[in-house]
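In what follows, a structure is listed as structure tokens, so that the remarks can point back to it.
No lab work stands behind these numbers, since they all come straight from the coordinates. Computed from a prediction, not measured in an experiment: that's the story for all the values here. All Cβ positions, even for glycine, are placed from backbone atoms using ideal geometry, and neighbour counts span all protein chains on display.
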Amino acid sequence: MATFDPPRHRGSSFLHRHRSSSSSKSNTRTEHTKPTIFEGTDAVARNRKVAVHRIVEAHAALASGSTRQSPTSPDPVESNLMRLNEVRAFRHFLRMWDHNVAPDPEFDHVLLAYREDRDFERDAIEHFFKRIDTWHKNDEESKAVSKKANKERKKVEKHDKSGKVLKEEAASQDQLLEECTTMEGLAQLLWTLMHDQRRPLAPQLLSEYTEAMKRRYKMNS
């Protein structure tokens, strides 16, 4: 199974930062008012899709062999931090990749207390793995419904009514995060940071993922 393992330097096309002093000067006042949505660590659509696939795969592999916590009993500290500061946690990771992202001293202060008892990077990554998995499933469901609508429009209308609550909940949950990043952008950012050759993010989690994938493929072979 191929994985991303690019060196982190300015010449790497995979880690190309989407910023340019010349382009920023040419932006109109209207463009400055638009929120910037992070779309990935490079401009190659295929790389972004592969990153989503890897994250979904990693989430499934880790969940199948996890002994840290029951999925029906989420840790209240981790859940509360992610629920209230999800966007700031994303920007914390984005700042690791792009040092031009504005600092957040207040959030850094929160992390100091959090890290006294827990591993923030690991907790945040696992949280985002779940979010990407849910995001992906919802996206796939939407695509399936749209495809079916071309053939069975009346049946789809009934399906939309039955799935209205699920879709509304997913839309509400993703709203703030979707204002900052795409699903592909978030997945590629996490995968890139975890495979940084000089300073990988959450190396223990990556090691557990690798071992989980070995067990998974051994069981399926």
Estimated FRET transfer efficiency (Asp117, Val87; beta-carbon r; R0 25 Å; 0.05): 0.65
Rounded to whole Hz, the Karplus (6.51, -1.76, 1.60) HN-Hα couplings of the range 113-119, x for glycine and proline: 5, 5, 6, 5, 10, 9, 8
Phe38 long-range amide H proximity, modeled H, under 5 Å: Thr181, Thr182
